[in-house]
Ligand SMILES: *Cc1c(COP(=O)(O)O)cnc(C)c1O
């Protein structure tokens, strides 16, 4: 029923519950903001979303699955797990699904981290990490990125203590875009105790230059403490359906299944995800990813020609390390038609999406530099 603005609001009861003190200290997850509704056309390139709507086969699969949604989804999600198991060369029981890679990361924390146990991750990295850790009673150990905005793996190894249960590596790193090499992770793993789980969050893997992309399968095969996180939200364009997964060794896979929300990945989400693995669909998604990569190259070259020195991003985004100027640059760009994601006094991230949005970003960046040069 529509609200009746003329009616007085009923009095609210006094709420005296007590939430866990840890929640008071948590930063809020800042979702990419929708563009201001002032009639001007703006592109929201603040959430690393795909500019491509779902392919017809994917949409149709999700819609067809709706006819069965009076039933719970197959708890085993066997078809999808078999397909993903085949893709990754693991048993289907080692594929653990949930409502997105963020949910799987939360499951990792719940499965591994007791009160006061520590989780090591690079910072700045994915802003969900400290929230997931803190909300589940763990202690975040953020390790600053290097000056080149890369994971400082030696410092991360040095930050591991007896309380460390989990290390999160994000590659390509959100929001800086810099990626890790197989050799660097291999060396890092050599200095991590084997009972500490190392999660490799590859949400942006498909946007990486395929010639130098991480040999995740080899790392997984060689190390019993490695777990891989993947999502359908970015390249496959299913962010709104919420589905992601872990590739885990057997005991951890079982532990994740023990703590995860039952029937987390919905029937339409499973059906859509399965449809993205069909070879003909996959081929077109690969073409979309290739387009994003080349568009990223176009944006990076244009910005470099303006004199910007940005980290070499392998994600579907670029990062402006603007420090104190971050918020001002984001506001400046928004005035010129693109909504970006600003991170405090660290930097600003812009997603690679529609070419028109990239054009607006490039011209906003040029105008910003001209203005800065005049000061
Ligand atoms: C976007 C993103 C994800 C994806 O999360 P979903 O819950 O699957 O939508 C995971 N990790 C990182 C680093 C991301 O940026």
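The values are calculated or read from the model by the stated rules, or taken from the named source; none is laboratory data. For clarity, every value in this text was computed on a predicted model and none was experimentally measured. Cβ sites come from the backbone with ideal geometry, for glycine too, and all protein chains shown count toward neighbours.
Here are some notes:
- Matching residues in region 275-284 - criterion: being surrounded by fewer than 21 Cβ atoms within 10 Å (Cβ to Cβ) and either in contact with a helix residue (DSSP H, G or I) (Cβ under 6 Å, 6 or more places away or on another chain) or not in a helix (DSSP H, G or I) (or both): 277, 278, 281
- Residue-level analysis places residue 330 outside the set of residues that are part of a helix (DSSP H, G or I) and in contact with a helix residue (DSSP H, G or I) (Cβ under 8 Å, 6 or more places away or on another chain).
Every residue, every condition in (1) within 23 Å of residue 286 (Cβ to Cβ); (2) near the ligand (Cβ under 9 Å from one of its atoms); (3) surrounded by fewer than 22 Cβ atoms within 10 Å (Cβ to Cβ), yes or no:
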| position | (1), (2), (3) |
| --- | --- |
| 175 | no, yes, no |
| 186 | no, no, yes |
| 210 | yes, no, yes |
| 241 | yes, no, no |
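- Number of residues in region 188-208 that are away from the ligand (no atom under 11 Å from the Cβ) and within 21 Å of residue 249 (Cβ to Cβ): the value is 11.
- Residue list for region 328-348, restricted to those being over 17 Å from residue 147 (Cβ atoms) and under 22 Å from the mean Cα position of the chain (by Cα): 330, 338, 339, 340, 341, 342, 344, 348
- The residues in region 173-208 that are touching a helix residue (DSSP H, G or I) at 6+ places or on another chain (Cβ under 7 Å) and in a loop (DSSP other than H, G, I, E, B) can be counted, and the count is 4.
- Tally, over region 243-252, of residues that are more than 8 Å from the ligand (Cβ to nearest atom) and either surrounded by 21 or more Cβ atoms within 10 Å (Cβ to Cβ) or more than 16 Å from residue 108 (Cβ to Cβ) (or both): 5
- Output for region 212-222, where each listed residue is surrounded by fewer than 20 Cβ atoms within 10 Å (Cβ to Cβ) and in a helix (DSSP H, G or I): 216, 217, 218, 219, 221, 222
- Scanning region 154-169 for residues that are over 21 Å from residue 118 (Cα atoms), under 20 Å from the mean Cα position of the chain (by Cα), outside any helix (DSSP H, G or I) and not assigned by TED's automatic domain parsing to the domain that holds residue 288 turns up nothing.
- Odd one out for residue 161, checked against (1) within 16 Å of the ligand (Cβ to nearest atom); (2) modelled with pLDDT of 95 or more: (1)
- In region 239-258, the residues that are at positive phi reach residues that are within 16 Å of the ligand (Cβ to nearest atom) and in a strand (DSSP E or B) with C-beta atoms within less than 9 angstrom, at least six apart or across chains, in these pairs: 242/98.
- Residues considered: 373, 359. Of these, the only one that is at pLDDT 95 or above, part of a helix (DSSP H, G or I) and over 23 Å from the mean Cα position of the chain (by Cα) is 359.
- Between 318, 299, 228, the distinction of being closer than 30 Å to residue 150 by Cα, assigned to a strand (DSSP E or B) and away from the ligand (no atom under 13 Å from the Cβ) belongs to 318 only.
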